[in-house]
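Computed from the coordinates by the stated procedures, all read-outs in this text should not be read as laboratory data. Please read all numbers here as calculations on a predicted model, not as lab measurements. Counting neighbours? That spans all protein chains shown, and the Cβs are built from the backbone with ideal geometry, glycine included.
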Amino acid sequence: MRADRADEVDGHAHTLGHKDQGPQGRFWQRQRLMGLQARLRAFGHAGRGVLLLLRGEVHARVHAAATVLALGLAAWLHVGAWRWAAVIAAIALVWTAEAMNSAVERTVDLASPQWHALARDAKDLAAAAVLLASAGALALGLVALGTPLLLRLGG
């Protein structure tokens, strides 16, 4: 095999030999551009998912209100970086669980349009994940913001 040809390793083409700006160099530039476009499309799909979550899920609106409340409280209390990190992690945990719950519900509805005990169980388990994440977020929020809140209100 010649050193200036592309070889396929692990399903990906790799250029062997010297780096020229000939046809292979342009090939790799196109590949990088196409990879960037694919990533941008993926972000677009994810953004659409966020909109679906906010528009179509009643509980997501409750989470949105709780998010605004938690962020506003942390800002009002002027908490430090570690407390901010705890609040943000708690918020991300709940939103992630809610998105996964919505995905499971839609997938189960598609796969099992008729009632089935396993479909019910899958939906209940996904809802339980949101409940557990929310309870954990509340506990984390109390630990992170409880003391600063008491100090602010009491002193």
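Quarter the surface of the alpha carbon convex hull of region 58-154 and you get the mean projected area, 6.5 square nanometres. Extending 7 Å from Cα along the Cβ direction at residue 42 and again at residue 78 yields two label points whose distance is 4.2 nm.
For the peptides 99-106, 124-131, the ranking by packing is 99-106, 124-131, with the highest mean count of neighbouring Cβ atoms within 10 Å listed first.
Near residue 104, once Lys and Arg are set to +1 and Asp and Glu to -1 for all other residues with Cβ below 13 Å from its Cβ, the sum equals -3. Each label was represented as a point 7 Å from its Cα along the Cα-to-Cβ direction; for residue 61 and residue 106 these points are 1.9 nm apart.
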